[in-house]
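Input: a single structure, listed below in structure tokens.
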Amino acid sequence: MRDADICITGGTLLLMDEAEQIIHDGAVVMKGDTIVAVGGARDINSAWQAGKIIDARNCIVMPGLVNAHTHAAMTCFRGISDDRELMDWLNNYIFPAEAKNVDPELAYWGTLLACAEMIRSGTTTFCDMYLFEDETALAASEAGMRCLAGEGLFDFPSPNAKTPEEGLAYTRMLLDKWTGHSLISIAVEPHALYTCSAPLLKDAKTLADEYGAPMAVHLLENLQEKTSLEEKLGMRATVFLRELGILDDRFFAFHCVAVDEEDIDIMADHGCKVVHNPESNMKLASGIAPVTAMLERGIIVGLGTDGAASNNNLDMFQEMDTAAKLEKVGRLDPTVMPASTVTRMATRYGATALGMEHITGSLETGKKADIIIIDMDKPHLTPLYNEYSHLAYAVHGDDVITSIINGKIVMENRQLLTIDEAAVMNRVRAIAERIRTSLAM
């Protein structure tokens, strides 16, 4: 018998590997932060003895979900301004509220609140773009979550950087500080083409190349952005990025609602990835991203919630359900975006988009132990004919009962083990009072 730390046994394993294997009455074994064995429960239990055994009968065991685009600390602005068009929402409500209120305290506690919400709903990895991202990284590491963090870069002053040069210097500090951390990685993240000049984009790309880091940007979120950028740049946005030398296999873009066939071809030819944010796109009436066309062209498309101010929750299972149904109604074709595809987008494809496919996104020997257990012994999940169908169309975030990240149990039987949930909510409520006062709400 070989020794291990944790063994999850008796459940239905969705490996989400290339073959997309499903193992009934399976087991997965962890030693330290790594998966060391996956297979049938009888074979695993006869070969391994673990210090902790988790009984997963009547459960699905699968990779933790990857929220590939969010603004975690914006939990502090949840519900502050709804039912507005994107640029009106940003310029007249969100940016002014941030200018008056975003500071290290808000970034830290808002991120901890987001981590609690994400862990509770099955997310184990998230990609963040916001401000004071050192606080975001600290909060995520303390919560035990895997995070790709990036400071939002702008041409104009932000609460954390008065100039583009300060923003780039802060990003370099993040890259130096967090390199080699077991949970935290850093990306270079210019906010958008309408908030970043060509020199800033080129400097950001130079920094990303120096460290071999991913680079990400909001791109073509709606038709208004597409039109205004083409008028400003004299060319389509994707051609502009190509001519700047930005596009490569470490580049990924958020939203991509207003892309057409030529844009898709350009991105596919350069190995770029995309993160789809259907609920935020719907709430802001930005449109429906042509996800099926991107997938058919070979683009890796992950899934994200966007921030809590434009969604307004961080439940990736809800996002999966929305992604599948929105694509069907948008194309008037019920066969597109099947349940297995949307599950892949929330796991393996999300990890690939973030450059983490060698670490997470599937249950395979040698990968990090980022695993969730879903209780299927519930009325709304009975009967069970197809696991993918239930994951896409029936499972709720609160059906997740146990979450393991990097081999550490961060939630067990719905109890958070790394976050003092009540204390975090109380601190965010206090921050919200400060926000109310600053905005005379």
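The values are calculated or read from the model by the stated rules, or taken from the named source; none is laboratory data. Computed from a prediction, not measured in an experiment: that's the story for all the values here. Cβ coordinates were reconstructed from backbone atoms using ideal geometry, including for glycine residues, and neighbour counts include every protein chain displayed.
Here is how the numbers come out for the structure above:
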quantity	calculated
Where ASN91 falls short, out of the listed (1) farther than 21 Å from ASP375 by Cα; (2) in contact (Cβ under 8 Å) with a residue 12 or more places away in the chain	(2)
Long-range neighbours under 7 Å by Cβ, at least six apart or interchain, first residue at negative phi within the stretch 10-21, second loosely packed, with under 15 Cβ neighbours inside 10 Å	GLY11/ARG57; THR12/HIS24
Any hit, the stretch 164-176, residues being among the aromatic types (Phe, Trp, Tyr), part of a helix (DSSP H, G or I) and over 19 Å from the mean Cα position of the chain (by Cα)	yes
Members of the stretch 197-213 found to be under 16 Å from PHE252 (Cβ atoms) and basic (Lys, Arg), listed by number	LYS205
The listed residue being within 22 Å of LEU314 (Cα to Cα) and either of a type outside the set (Ser, Thr, Tyr) or surrounded by fewer than 20 Cβ atoms within 10 Å (Cβ to Cβ) (or both), out of ARG146, ARG172	ARG146
Residue ID - surrounded by the most Cβ atoms within 10 Å (Cβ to Cβ), chosen from residues in the stretch 22-40 that are of a type in the set (Val, Ile, Thr) and in contact (Cβ under 8 Å) with a residue 60 or more places away in the chain	VAL28
Members of the stretch 175-202 found to be free of Cβ contacts under 8 Å to residues at least 60 places away in the same chain and surrounded by fewer than 16 Cβ atoms within 10 Å (Cβ to Cβ), listed by number	ASP176, LYS177, THR179, GLY180, HIS181, SER197, ALA198, PRO199, LYS202
Residue in the stretch 219-226 that is buried (at least 21 other Cβ atoms within 10 Å of the Cβ) and acidic (Asp, Glu) present	yes
Options GLU225, GLU230, GLU210, GLU221: the member that is in the same structural domain as HIS71 (by TED's automatic domain parsing), outside any helix (DSSP H, G or I) and among the charged types (D, E, K, R)	GLU221
Every residue from the stretch 177-194 that is part of a loop (DSSP other than H, G, I, E, B), in contact with a helix residue (DSSP H, G or I) (Cβ under 9 Å, 6 or more places away or on another chain) and either modelled with pLDDT of 95 or more or of a type in the set (Phe, Trp, Tyr) (or both)	HIS181, SER182, LEU183, ALA187, LEU193, TYR194
Check on ARG236, basic (Lys, Arg), touching a residue at least 60 places away in the same chain (Cβ under 8 Å) and closer than 23 Å to VAL275 by Cα	no
Qualifying positions in the stretch 338-377 - aliphatic (A, V, I, L, M) and surrounded by fewer than 24 Cβ atoms within 10 Å (Cβ to Cβ)	ALA339, MET356, ILE359, MET376
Pairs with Cβ under 6 Å, 6+ apart, first in the stretch 105-134 and without any contact (Cβ under 8 Å) to a residue 40 or more places away in the chain, second among the aromatic types (Phe, Trp, Tyr)	ALA107/PHE132
Any hit, the stretch 67-83, residues being closer than 26 Å to ALA143 by Cβ, surrounded by fewer than 22 Cβ atoms within 10 Å (Cβ to Cβ) and hydrophobic (A, V, I, L, M, F, W, C)	yes
Options GLY302, GLY298: the member that is over 29 Å from ILE80 (Cα atoms) and in contact (Cβ under 8 Å) with a residue 24 or more places away in the chain	GLY298
Residue check, ALA56 under 30 Å from LEU284 (Cα atoms) and in contact (Cβ under 8 Å) with a residue 12 or more places away in the chain	no
Those residues of the stretch 378-393 which are closer than 15 Å to GLU20 by Cβ and surrounded by fewer than 15 Cβ atoms within 10 Å (Cβ to Cβ), in sequence order	ASN386
Of all residues in the stretch 113-136 being of a type outside the set (Asp, Glu) and touching a Lys or Arg at 6+ places or on another chain (Cβ under 8 Å), the one that is surrounded by the fewest Cβ atoms within 10 Å (Cβ to Cβ)	ARG120
Residue match in the stretch 122-131 (condition: farther than 19 Å from VAL217 by Cα and among the acidic types (Asp, Glu))	no
Meets criteria (part of a strand (DSSP E or B) and under 28 Å from the mean Cα position of the chain (by Cα)) for ILE80	no
Segments classed as strands (runs of 3 or more DSSP E), wholly inside the stretch 9-77, with at least 1 members that are more than 21 Å from the chain's Cα centre (by Cα)	22-31, 34-40, 48-55, 59-63
